[in-house]
Amino acid sequence: MLPFLFALLVGVAPSAPAPAQAFGQPVEIQIRGLPEEATREAVQKAMAGIAGMERLIDTGSAGLSAAAGKGPRPVDPRLFDLLTRAWSFCQWSEGAHGPLGRDLYALWGLRSRPEDPPGADAVLQATKAAACDQLTLDPQKKTATLAAGSGVDPVGFAEGAAVDRAVEILRESKVSNAFVRVGPVRRAFGPGPAGKGWPVFLPQVPGMAEPADLVYLRDQSLAVAASSDHPLLSETSSYLNQRTGAPAQGVLATVAVTELAVDAQGLAATMLILGPREGELRMGTLRPRPSLLWFLGSGEGAPLIVNYRWLEFTRR
């Protein structure tokens with residue numbers, strides 16, 4: 001459960017508060033340009049929105065999974081929107097990353113470490129359960145139909161959805177200059193603390209002595225997916241290719257910049273899974289086009305950095 005603890009910046013940094021968390025990740029909200037009391041109220045509302053999204057995603061995913069094979073089920077509109085975005089990534093990536101990887105991630109030890117690596121038959125069955133066609137969404141009725149044997153787990157999407165919800169609440173509270181972060185996902189709007197946008201350090205990838213760069217977000221989201229996010233049984237990756245059932249390999253981290261945070265997180269995870277060769281081929285179908293970085297290597301030496309439209313982002 002998310003406590004009402006926050007980073008509150010209104011010109012002078014306060015003493016450091018105890019860290020707030022959601023989805024087991026640190027939460028940070030910064031606001032500029034409002035009186036202190038209005039800022040405090042807006043932050044509390046946004047924090048409550050993040051907590052609400054965490055509860056909704058947890059309970060809604062569990063409820064829908066329990067109803068697998070039992071026909072259409074009504075879904076909360078916000079969860080429905082998240083499922084729709086995640087399902088679109090499943091389609092776009094031809095099944096590499098989507099919202100139905102529950103059984104695959106359980107086999108590889110996302111939340112509890114199994115004693116042995118999964119067998120080929122179990123992986124094959126879980127891969128079939130993760131296929132995009134196992135979920136049918138009806139946008140008119142806001143219902144979801146999950147095939148028997150499948151389960152929902154929006155890993156690689158949930159934090160982004162919570163960040164977007166917080167930004168929605170802040171805008172409703174007449175905030176015009178703010179920054180929201182849940183773990184590796186950030187979204188910012190307005191000119192930032194000094195008019196250049198909101199500063200964000202890129203990750204310090206294994207093999208690098210310092211963070212890769214300092215960038216500025218303005219009306220954009222940035223997400224990082226890394227092989228160290230939540231190491232699976234193989235210890236080689238945090239993300240699974242749901243098309244094959246195997247852990248992603250060869251990419252240490254990815255950085256994605258888009259408008260919505262849920263899209264940035266979904267794209268970062270998908271591109272870590274696919275790598276730059278297949279990833280760049282799929283980029284041309286996206287509008288507006290995102291900006292991306294891949295950090296490739298084993299972590300033993302300096303990584304090879306591959307970019308897609310990164311200069312367009314940094315030159316803004």
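Readers should treat all values here as calculations from the given coordinates under stated rules, not as data from a laboratory. None of the values given here were measured: they were computed from a predicted structure. For neighbour counting, all protein chains shown are included, and Cβ atoms are generated from backbone atoms with ideal geometry for every residue, glycine included.
Within segment 151-202, the set of residues being of a type outside the set (D, E, K, R), more than 17 Å from the chain's Cα centre (by Cα), assigned to a loop (DSSP other than H, G, I, E, B) and surrounded by fewer than 23 Cβ atoms within 10 Å (Cβ to Cβ) comprises S173, S176, N177, G190, P191, G192, P193, A194, G195, G197.
The lone criterion from (1) small (G, A, S); (2) surrounded by fewer than 17 Cβ atoms within 10 Å (Cβ to Cβ); (3) within 24 Å of V182 (Cα to Cα) left unmet by G250 is number (3).
Please enumerate the residues belonging to segment 273-293 that are loosely packed, with under 14 Cβ neighbours inside 10 Å, part of a helix (DSSP H, G or I) and of a type in the set (K, R). The answer is R277, and nothing else.
Looking only at residues in segment 225-245 that are in contact with a strand residue (DSSP E or B) (Cβ under 7 Å, 6 or more places away or on another chain) and surrounded by fewer than 19 Cβ atoms within 10 Å (Cβ to Cβ), the one that is farthest from W92 (Cα to Cα) is S234.
Could you grab me the full set of residues in segment 18-62 that are in a strand (DSSP E or B) and aliphatic (A, V, I, L, M)? I'd like the intermediate steps shown before the answer.
Narrowing segment 18-62 to residues in a strand (DSSP E or B): 20-22, 25-31.
Hits for segment 18-62 are A20, A22, V27, I29, I31.
Tell me which residues, restricted to segment 121-150, are of a type in the set (S, T, Y) and assigned to a loop (DSSP other than H, G, I, E, B). Listed by number, the list holds a single entry, S150.
Of all the criteria given as (1) assigned to a loop (DSSP other than H, G, I, E, B); (2) under 19 Å from E28 (Cα atoms), the one not satisfied by V205 is (2). Selection of first residues in segment 112-136 that are more than 15 Å from A96 (Cα to Cα) and of second residues that are part of a helix (DSSP H, G or I) and among the aliphatic types (A, V, I, L, M), restricted to Cβ pairs under 6 Å at least 6 apart or on distinct chains, gives the following pairs, ordered by first then second residue: P118/L107; A122/L107.
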